[in-house]
1. Can you go through 32, 98, 57 and tell me which one is crowded, with 16+ Cβ neighbours inside 10 Å and out of contact with any strand residue (DSSP E or B) (no Cβ under 8 Å at 6 or more places or on another chain)?
2. Please find, within segment 1-29, the residue that is surrounded by the most Cβ atoms within 10 Å (Cβ to Cβ) out of those that are charged (D, E, K, R) and part of a helix (DSSP H, G or I).
3. So how many residues does segment 198-241 have that are small (Gly, Ala, Ser) and modelled with pLDDT of 95 or more?
4. Return the pair list, or none, for Cβ contacts closer than 7 Å from residues in segment 62-78 that are in a helix (DSSP H, G or I) to residues that are of a type in the set (Phe, Trp, Tyr) and at pLDDT 95 or above, at least 6 apart or on different chains.
5. With the requirement that a residue be more than 22 Å from residue 230 (Cα to Cα) and either acidic (Asp, Glu) or at pLDDT 95 or above (or both), what does segment 13-24 give you?
6. Against the conditions (1) over 23 Å from residue 42 (Cα atoms); (2) of a type in the set (S, T, N, Q); (3) modelled with pLDDT of 90 or more, where does residue 244 fall short? Just the number, please.
Amino acid sequence: MKPINAFTVDVEDYYHVSAFEKEISRSDWDRFESRVMRGTHRVLELLAKHDTLATFFVLGWIADRFPRLVQDIHAAGHELGSHSYWHRLVYDLSPDEFHNDLVASLTAIENASGSRPINYRAPSFSITKHSLWALKILAEQGIVCDSSIFPIRHDRYGIPDARTEIHSIDTPCGPLYEFPPSVARVAGVNLPVSGGGYFRLYPLAWTVRCLRQINSESRPFMFYVHPWELDPDQPRLSVGSQLSRLRHRVNLASTERKLDELLSTFRFGRVCDVLAAMPGADRNGRAKVHRESTALAGD
């Protein structure tokens, strides 16, 4: 049987991306045409076509304004996670600000679905070496699995020497599972291959080759996508740098086709399904992951 991999969706709208936040005030978000319902339902339809369940990291702001969308995700059997409330970079926040944002997001998603999330992904993978203090707060608030530490070098995020496999991080509030976005080791460098703009930029054959290599090592990979990446007709925003606009729009028209092929090639499931399928693990992956526990978070 093919290894099970995690398929995840960061539920945010096209104007929420971090690269545009200097020009687009959060107080103006309600003024933009929202297309998150359209994009998310396209993802849901694609997953249903392939009889696949996924984990949806939902922005709390979205959950408050579109509770029916969260209910649709939950009713289809998918797992819910938090993607923060305001999509603010963790390393730009104080611990108190991060705590308040996290609690607001968990509350909004629970109010919409009746289910309190136990998974978290930071906006733009912004838990870096400068914001590892956030892991303690996540564990304190009942988060079981985080997927925020990208083991790459990037101009806005990443910890290049972070562990690339599922592992457990010890915090003063208990252990927290870390399931990082997947990378391929090429010429001694971690190359991001697990979704988003990287998936849109690379030829599909290259992505499939890299992900197959990860599975050949008996390791599941973490894949992610945003609803707006399946929406090539979204409004063009004249904000951000030229590089940011290029990153945002590159190959949007081919995302849905490539996802369709990817879902046909690999076996996917929710984060909880991947943890439960690990050898020697209980239904939450606890036995296996705890043996690989490592302390990365301080007081």
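The values are calculated or read from the model by the stated rules, or taken from the named source; none is laboratory data. The shown structure was predicted, so the numbers you read here are calculated from the model rather than taken from an experiment. Every residue, glycine as well, gets a Cβ built from its backbone with ideal geometry; the counts of neighbours run over all protein chains shown.
1. 98
2. Across segment 1-29, the extreme among qualifying residues is 26.
3. 1
4. Listed by first residue and then by second, the contacts come to 73/56.
5. Passing the criteria: only 23.
6. Among (1) over 23 Å from residue 42 (Cα atoms); (2) of a type in the set (S, T, N, Q); (3) modelled with pLDDT of 90 or more, the lone unmet condition for residue 244 is (3).
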